[in-house]
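Report on the structure given below.
The values are calculated or read from the model by the stated rules, or taken from the named source; none is laboratory data. Because the structure is predicted, anything quoted here is derived from the model rather than measured. Cβ atoms come from the backbone with ideal geometry, glycine included; neighbour counts cover every protein chain shown.
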Amino acid sequence: MFIKQNIYLVLIFLSKQFWFSTAQYEKWSNKEYENDKYSFSKPIQIGLITDQYSEEMGIIFEHAIEVANGELKIPLEATKEEVNYGDSFQAYGILCKLLQNGVGGIFGPSSKHTARHLTTICDAKDVPYFFSEMNENPEAFNLYPHPMDFSKALYFLLTTYKWSRFIFLYESVEYLNILNGLQSLYGNNSTTITVLRYDIEMNNNYKSVLRRVKKSGDNCIVVTGSSDTMPEFLKQAQQVGIINKDYKYIIANLDFHAFDLEEYKYTEANITSFRLFSPEQKAVQEILEKMGQKSSSENLRNGSCPITVSMALTYDSVQLFAETTKHLRVRNVPLNCSDRSESVLDDGSTFKNYMRTLKLAKRTLTGPIYFDGNVRKGYALDIIELHPSGIMKIGTWNDYSNLTIQRVAQTNSVIDNVDNSLVNQTFTILLNVPNEPYASLVESFEKLEGNSQYHGYGVDLIKELAQKLGFNYVLKNGGNDYGSYNATTNTTTGMLKEIIDKRAHLAITDLTITAARQEVVDFSIPFMNLGIAIIHVEPQKETQAYFKFMDPFSNGVWWLLGLSFLLVSFSFFILGRLSPSEWDNPHPCIEEPTELVNQFTIGNSLWFTTGALLQQGSEMEPKAISTRTVASIWWFFTLLMVSSYTANLAAFLTIEKPTILINSIDDLVEHKHGVVYGAKKMGSTREFFEKSEDSRYKKMNKFMNEHPEYLTETNMDGVKRVSMTYAFLMESTSIEYHTMRMCNLSKIGNTLDEKGYGIAMRKNWEFRDKFNNALLELQEQGTLEKMKNKWWNEMGAGICTSGKQRSEETELQMKNLIGIYIVLGVGSGLAFVYGIVSWFFYIRTKAKHYHLSMKEVFLEEFKFALDFNSHTRILKNTASIYSRGRNSLPTDSSKEEQKSLQH
């Protein structure tokens, strides 16, 4: 093995020094391997291990093999595996499995920690290992630009921009290699570099460092970091307020073109970055088609591209590997990962050494590939800037000519077939400020001027149109009078008058297209469809009734329950008297009693039935089969009734049914529950009611004419006025916006009509068709819907859920149970009153019986009642007034009277 490897090295040396023929070398190599069972029998297996973007990487990997196989005699075959990001142990197991199956090369994951482990194993087995992230590991094939070369490109850009002072923000220690390269290039230059680590807390919260940057006063910033943290960095920098026209950035990350940059296009910050390949290449377009991306979509037209550098370099690595197999054969020999195994890939070291001598100039995405030692060379970096129209290339850097700036005149037009008649035109645009969400002033601690002081849906719409058509614009507050046309006097007002008098070109706000307005101005096609609707308060919680606990059963059920109670009680009374078993001896010691008693008296029957109904029972026990049968049936009946009542009671007490004051326009016309209504004094809503032939709307128009106090100057005034007794009529889109932010309001019923908002312009304006076409494109691309979602559902929303207010109270309160307490109080009070009345009746009877005064008996009884230590009463007591009242022993009749008194 050692002799064969050295022969190959000698041949490689001769081929470079003495122009050794490649054809002769291949012929010699083929003879050596023609009897090898591994050389020609099977395709060459190469393994891909991914830990991020596995689906996209798999597609690109397979496409790269497909392209390479077009020029290979022995094709390549892909084996794909996926591991968790940073899981070196799992990656080790996957690598060993691939090596055991036999592979000619490994294309590793993006995790640098995992890559170091896999590189060591592959190097020990002489298997080529490809890595596509910034790393100085000499053992792996890495096509990523070396940090020193990247430092050169950054240095020449900084020199061209004449930054004598800047802040260098880096993510982690490995990016300090770029800083070291910069410092070596600057030498003793007087450039001041402030170095800060933005991920110092390692928790993806960079705001503390960004605030420090803001306070420093330096506005030139270089940022180096991974593609994982850079988007979050930009987001937090914008939140802190350091991405604006006062700041200049150089983003030293080659994936800048793949980030979502929509939020930063209009910040007016100067943001420069680098990229390793152009999305306009045919090979890139083919990959995008494989990935299901349309190369003609808006994101690609403005310079963005979802293909990351790691994906592009993996593609190029496959081409490099394939090119090497044209000259040297690689065999799929099974290898063992065990430390005790000395097996290595046959001629693997030779294969790797030869690969480093190649120069590949075709079928690559990132330009020519060759190596200077272990460092990849041959590429060129595009210098790119972020403009409102997207990413634009302004220059190029390479090792030969260094930095070349090729800045072209900036234009906001991104449509290839745009008519240049609008380029460099400047239009005055009227807005209604404040009128959320269409236009409002930007809240800022700084004084803003010009277009930057406004934001909103209308502002974003004019930006999109300006980007497509290439014109400039000046925003102007036109007030809240949108304007109307009086055919009798032939006069116009408001914004319409401004346009007719040529003091403005366009009006973009919630301006409704109407026939009357179209007599004096033209409108674009509608950019939003809507209708008049009612905004009123949310359905209110109903007032709690004192006897809400009666609600689980209807009145009929309660009446039948009461009737059943009486009938069952009467049944006990009758059956008790008819059943011999229910007649008992009151004196069990007397074997032959003279009388029998029955426990089911009217009172006891009612008491027994009541105890069963209330699930409490009683001391009475039915003895006869008939009474026991009735009792069993009654117990079963009460079990079901009480269970049903308990289940329904919980729902009735915790679930509150809202009270809806008005349900439709008909309720509003009839002033149901005393609700009145109004609208904006001037505008399309009032015009709709004035011209409507519907009897209901005529009646409503008459009411509003008779009550001008219910009309408002602006829609916002009407929204603020909405209450239980006042509803407001306005456009449905504005209602949707306000109900997402004011939880006590809601939209009532359906829309009364159908209309649209349009852009007002002069009559027969020559640019009308261009605006209509641009609006149609925005509609087809979904841009209008995205803008509406942004301003309606994202900006300032989220307070309410779909504009509805959720109940905050789920526990039972006093108002839910007050009726039960009333019943308890009234019942206890009546029982107490009855007891007092019975006591006085007892005193009266006793005074009459013993021939005593009421006062004497009352004092005697009252004294006994207050003697809480005594629980028995002695009937015969010499100290009692009753003994003084009657000196003689009581007769039989008196005994009966005393007995009756005791009872």
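Return the residues of segment 102-124 that are crowded, with 23+ Cβ neighbours inside 10 Å and closer than 16 Å to T79 by Cβ; say none if nothing qualifies.
Correct list: V103, G104, G105, I106, F107, G108, P109, L118, C122.
Can you pull out every residue in segment 749-801 that is of a type in the set (K, R), at pLDDT below 85 and touching a Leu at 6+ places or on another chain (Cβ under 9 Å)?
K755
How about segment 845-866: which of its residues are of a type in the set (K, R) and exposed (fewer than 13 other Cβ atoms within 10 Å of the Cβ)?
The answer is K848, K855, K863.
Considering only residues that are hydrophobic (A, V, I, L, M, F, W, C) and part of a loop (DSSP other than H, G, I, E, B), which ones fall in segment 665-686?
V675, M682
How about segment 617-631: which of its residues are under 16 Å from N598 (Cβ atoms), part of a helix (DSSP H, G or I) and hydroxyl-bearing (S, T, Y)?
Within segment 617-631, S626, T627 meet the criteria.
Considering Y175, Y85, which residue is crowded, with 16+ Cβ neighbours inside 10 Å and either modelled with pLDDT of 90 or more or not in a strand (DSSP E or B) (or both)?
Selected residue: Y175, the only one of Y175, Y85 that is crowded, with 16+ Cβ neighbours inside 10 Å and either modelled with pLDDT of 90 or more or not in a strand (DSSP E or B) (or both).
Going residue by residue through segment 484-502, is there one that turns out to be in contact (Cβ under 8 Å) with a residue 60 or more places away in the chain and in contact with a helix residue (DSSP H, G or I) (Cβ under 6 Å, 6 or more places away or on another chain)?
Looking for residues that are in contact (Cβ under 8 Å) with a residue 60 or more places away in the chain and in contact with a helix residue (DSSP H, G or I) (Cβ under 6 Å, 6 or more places away or on another chain), one finds none in segment 484-502, hence no.
Would it be correct to say that Y155 is under 39 Å from the mean Cα position of the chain (by Cα), crowded, with 20+ Cβ neighbours inside 10 Å, in the same structural domain as I200 (by TED's automatic domain parsing) and part of a helix (DSSP H, G or I)?
Here the answer is no, as Y155 does not meet what is asked.
Just one of the numbered conditions (1) over 39 Å from the mean Cα position of the chain (by Cα); (2) modelled with pLDDT under 85 is not true of L448; which one?
Condition not satisfied by L448: (1).
Counting only residues that are part of a helix (DSSP H, G or I) and among the hydrophobic types (A, V, I, L, M, F, W, C), which one in segment 503-527 is surrounded by the fewest Cβ atoms within 10 Å (Cβ to Cβ)?
Among those that are part of a helix (DSSP H, G or I) and among the hydrophobic types (A, V, I, L, M, F, W, C), it is A515.
Any idea which of (1) farther than 30 Å from Q453 by Cα; (2) crowded, with 16+ Cβ neighbours inside 10 Å is the one I200 doesn't satisfy?
Tallying (1) farther than 30 Å from Q453 by Cα; (2) crowded, with 16+ Cβ neighbours inside 10 Å, I200 fails exactly one: (2).
Here's the yes/no breakdown for (1) in the same structural domain as E133 (by TED's automatic domain parsing); (2) acidic (D, E); (3) part of a loop (DSSP other than H, G, I, E, B):
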position	(1), (2), (3)
V213	no, no, no
D218	no, yes, yes
S227	no, no, yes
E232	no, yes, no
Q236	no, no, no
Q239	no, no, no
I242	no, no, yes
D246	no, yes, yes
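Given the options G749, G683, name the one that is more than 31 Å from the chain's Cα centre (by Cα), at positive phi and not assigned by TED's automatic domain parsing to the domain that holds A516.
Every option except G683 fails the conditions.
May I ask you to say which residue of S746, S723 is surrounded by fewer than 17 Cβ atoms within 10 Å (Cβ to Cβ), touching a residue at least 40 places away in the same chain (Cβ under 8 Å) and under 30 Å from D551 (Cβ atoms)?
S723
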